[in-house]
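The values are calculated or read from the model by the stated rules, or taken from the named source; none is laboratory data. All values reported here derive from a predicted model rather than from experimental measurement. Here Cβ is always computed from backbone atoms with ideal geometry, including for glycine, and neighbour counts include all displayed protein chains. The accessibility values were calculated without ligands, DNA or RNA, using every heavy atom of the protein model including side chains. Shrake-Rupley method; radii C 1.70, N 1.55, O 1.52, S 1.80 Å.
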Amino acid sequence: MPTCKKCSGSYVHGQIICPNCAEDLDEPLALESPPAQLLPVAGVYEGVVHIGRTITLNVIEIDDRTFPEGRYFAIIPVQRLQVPVRIGRMDLSQFPHILPEFNLGGLLANLQPGLRPVVSRLHATLQLEREAPVVKPLVDHSAATWVRHTGSDRFSPIPPNTLRRLEDRDCIVLGHPKGRHVTLRVVFSHP
Amino acid sequence: MSGIVLFPDALLKVAIRLGRTHVLAAAPTRVQILVETRPSAASKQMTAATDLRFVVDVSGSMAGSTRPGEASKLEVVKRAILGLLESLNTRDHVLLSVFSTQGKLIVPLTRLVNDSAKKRIYDAVQELQPDASTNISAGLELALTPAVATDVLPRVILFTDGQSSDPTTDHPRLDQLADLARTQLIPLSIYGTGSDYNWSLLLQTAARAGGGSFLKHVMDVQTLEGHMIAELAFLRGTAIDRFQIEGRVASADIALVGATALMPQIRNLELRNRNSFIDLTGAVDLHRGAQYLLEVEVPRPVPGETELLHLRFRGRNRTTGQRFEHTAHVPVTFVSQASQQSPVDEQVRKVLILLAAAKQAEAGVYDRAANLYRRGGDGATATVMEGLHAASQRPGADAVDLGREATTHAYGAATEFFTQVHKYQKGGS
């Protein structure tokens with residue numbers, strides 16, 4: 001879906017003003033929205049129809065830039081989380097190489113060239129705990145991974161190596177919500 | 001397709017404007033359709049006689065004022081009725097009923113044949129005093145009882161500030177009376193004041209009565225009197241009655257995603273299975289006409305001309321009784337390149353901005369609403385919104401009262417807007 005240049009809200013082709021912010025949408029540039037980008041996750045194969053529930057991780061914020069759901073996203077079958085999926089930034093400069101299963105390094109380098117990446121090389125993991133998806137910070141200081149539960153406007157930090165259960169439409173913040181950060185919105189498929 | 005469609009018997013003029021006549025084919029694509037109907041020149045007749053039935057709440061709370069130090073609510077209503085009486089002539093009819101614990105018919109339906117008839121009503125209005133509790137249906141029933149003569153335009157004008165004292169009997173009875181008003185073709189103009197009355201009940205009553213019924217919140221005598229006199233002018237200009245519009249998508253894969261009536265209040269019409277709608281507008285006057293904004297979604301458009309909608313208009317010339325029924329087909333042309341798109345119709349854009357502004361006003365974001373009204377070319381409503389924004393910043397502001405004022409003003413602003421547009425179009429032609 002195309003998005004409004006002013007508020008990044010999505011709209012349907014042919015609409016004349018933005019349904020979210022009432023901005024005019026008829027400039028030619030507004031019609032050209034960047035294509036959606038599916039981000040790879042190790043062990044998840046593109047083009048394969050997933051059986052059972054899935055989790056979509058939408059990148060909705062990088063620092064002060066916002067993105068609509070479906071612009072930059074990864075789809076992970078819930079069953080895949082039986083083996084933890086590490087979120088981080090690939091680093092081939094060291095040996096052994098650091099290879100997180102969900103690599104945000106390429107996206108950050110594209111969108112913020114020259115800026116120090118806010119996401120650590122091994123920042124957090126997504127995994128299953130008693131059949132429920134959870135997030136676990138890997139960075140060993142206490143304000144590097146936060147969660148905002150759906151319906152709440154409060155961010156709470158997750159202490160390192162503790163598990164925090166995720167619900168549909170919760171947001172995971174990598175970094176600090178009031179400083180530099182990447183926000184991922186978790187969307188569960190319906191059974 | 002964007003222009004005037006004049007039907008063979010020339011009673012009704014219909015302008016259909018597309019948001020764009022040539023639209024880029026993307027999957028899916030939305031197309032906006034603005035339908036403006038007005039009685040044609042041939043329908044113009046002498047000023048119609050009116051039958052105005054006032055129903056006044058005289059419960060104890062009407063002795064209070066909306067703001068400290070100002071006249072009581074009952075005084076505001078009395079002054080506004082007296083102001084309106086000045087504008088009536090010898091062909092008009094008036095009825096006055098009141099309600100508190102019981103309903104009471106103060107003046108039966110009376111033709112204002114001479115000054116003494118007018119004075120009798122004038123005196124009766126001045127003598128109204130606040131009394132006990134609130135039984136809205138008792139007053140409304142008395143006003144709906146007399147039959148409507150064939151050569152007049154009826155309207156019930158109801159004023160209230162309160163909740164029903166006995167909702168278990170009053171609310172269902174109001175539903176029945178709204179249905180009666182609908183079948184007798186007597187629209188309701190409901191004016192509420194203060195922040196205590198049952199907003200949603202009265203809104204529902206107006207919607208149920210149909211035929212151009214509305215609920216308007218008023219804060220002072222100038223607003224009330226000004227609005228009533230404007231409505232009288234529109235009522236006198238009624239050229240078509242029993243008007244209804246029906247729309248249906250031209251093929252099964254096209255979805256109707258929005259249908260909004262813009263007169264006399266903005267209201268969303270119920271969509272049937274996302275493929276059709278029907279609206280009984282009732283009276284269509286020469287000043288405002290009737291306008292609808294429709295939006296359809298085409299899931300997989302193919303370049304070339306595609307028929308989107310079939311519209312059917314039915315109604316009756318109020319003076320001659322001649323009935324009409326017309327259909328119109330609405331096509332659009334899909335193109336394969338963005339550069340082949342036609343420019344956006346400015347009138348459609350203005351209506352969309354007006355609707356966005358109304359949403360902001362309803363949400364209480366008055367400064368943003370003001371900006372949008374200004375952008376849409378409606379400076380008068382923008383000024384009202386700026387005033388409401390300033391009022392909302394003052395300590396002790398009554399948010400409910402301001403919100404109701406903003407909502408009814410915003411949703412009735414289309415009336416002002418289209419009146420201005422038509423005046424402008426007339427001046428330009």
Requested in this report: Could you list all residues from the range B:46-100 that are of a type in the set (Val, Ile, Thr) and more than 26 Å from the chain's Cα centre (by Cα)?
Outcome: B:Thr90
Query - Extreme residue, farthest from the other protein chains (Cβ to nearest Cβ), among residues of the range B:373-391 that are more than 16 Å from B:Arg404 (Cβ to Cβ) and open to solvent by 10 Å² or more (accessible area, probe 1.4 Å) - result: B:Ala390
Requested in this report: Report the residue count in the range B:22-37 for those that are open to solvent by 10 Å² or more (accessible area, probe 1.4 Å) and either more than 12 Å from chain A (Cβ to nearest Cβ) or out of contact with any strand residue (DSSP E or B) (no Cβ under 9 Å at 6 or more places or on another chain) (or both).
Outcome: 1
Query raised in the report: Across the range A:125-176, what is the total count of residues that are assigned to a strand (DSSP E or B) and either in contact with a Lys or Arg (Cβ under 6 Å, 6 or more places away or on another chain) or acidic (Asp, Glu) (or both)?
Result: 7
**Report entry** Residue within the range B:99-117 that is part of a helix (DSSP H, G or I), out of contact with any Leu (no Cβ under 7 Å at 6 or more places or on another chain) and open to solvent by 40 Å² or more (accessible area, probe 1.4 Å) present
**Finding:** yes
Query - Given (1) loosely packed, with under 13 Cβ neighbours inside 10 Å; (2) within 13 Å of another protein chain (Cβ to nearest Cβ), number of the condition B:Arg323 does not satisfy - result: (2)
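Okay, residues lined up against (1) at pLDDT 85 or above; (2) buried (at least 18 other Cβ atoms within 10 Å of the Cβ); (3) touching a strand residue (DSSP E or B) at 6+ places or on another chain (Cβ under 6 Å):
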| site | (1), (2), (3) |
| --- | --- |
| B:Glu141 | yes, yes, no |
| B:Asp166 | no, no, no |
| B:Asp175 | yes, no, no |
| B:Asn198 | no, yes, no |
| B:Ala207 | no, no, no |
| B:Gly210 | no, yes, yes |
Requested in this report: Tally the residues that are in contact with a His (Cβ under 9 Å, 6 or more places away or on another chain) and polar (S, T, N, Q), restricting the search to the range A:110-138.
Outcome: 0
Query - Complete set of residues in the range B:291-332 that are under 25 Å from the mean Cα position of the chain (by Cα) and acidic (Asp, Glu) - result: B:Glu295, B:Glu325
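Per-residue answers, yes or no, for (1) buried (at least 20 other Cβ atoms within 10 Å of the Cβ); (2) within 14 Å of another protein chain (Cβ to nearest Cβ); (3) modelled with pLDDT of 90 or more:
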residue: B:Val55; (1), (2), (3): yes, no, yes
residue: B:Met62; (1), (2), (3): yes, no, no
residue: B:Ser65; (1), (2), (3): no, no, no
residue: B:Glu70; (1), (2), (3): no, no, no
Report task. May I ask you to list the residues in the range A:54-89 that are of a type in the set (Gly, Ala, Ser) and open to solvent by 10 Å² or more (accessible area, probe 1.4 Å)? Result -> A:Gly70
Query raised in the report: Can we say B:Ala369 is under 23 Å from B:Asn268 (Cα atoms), within 14 Å of chain A (Cβ to nearest Cβ) and open to solvent by less than 20 Å² (accessible area, probe 1.4 Å)?
Result: yes
Requested in this report: Enumerate the pairs (first residue in the range B:115-128 and touching a residue at least 24 places away in the same chain (Cβ under 8 Å); second residue anywhere and open to solvent by 80 Å² or more (accessible area, probe 1.4 Å) and outside any helix (DSSP H, G or I)) with beta-carbon separation below 6 Å, excluding pairs fewer than 6 apart on the same chain, so at least 6 apart or on different chains.
Outcome: none
Report task. Go over the candidates A:Val118, A:Val187, A:Val173, A:Val139 one by one and state the one that is surrounded by 12 or more Cβ atoms within 10 Å (Cβ to Cβ), more than 16 Å from the chain's Cα centre (by Cα) and farther than 18 Å from A:Ala42 by Cβ. Result -> A:Val139
Query raised in the report: When you scan the range B:279-313, how many residues do you find that are open to solvent by 40 Å² or more (accessible area, probe 1.4 Å), out of contact with any strand residue (DSSP E or B) (no Cβ under 6 Å at 6 or more places or on another chain) and at pLDDT below 85?
Result: 1
**Report entry** Residues of the range B:78-98 satisfying the condition of being open to solvent by less than 40 Å² (accessible area, probe 1.4 Å) and more than 19 Å from B:Ser189 (Cα to Cα)
**Finding:** none
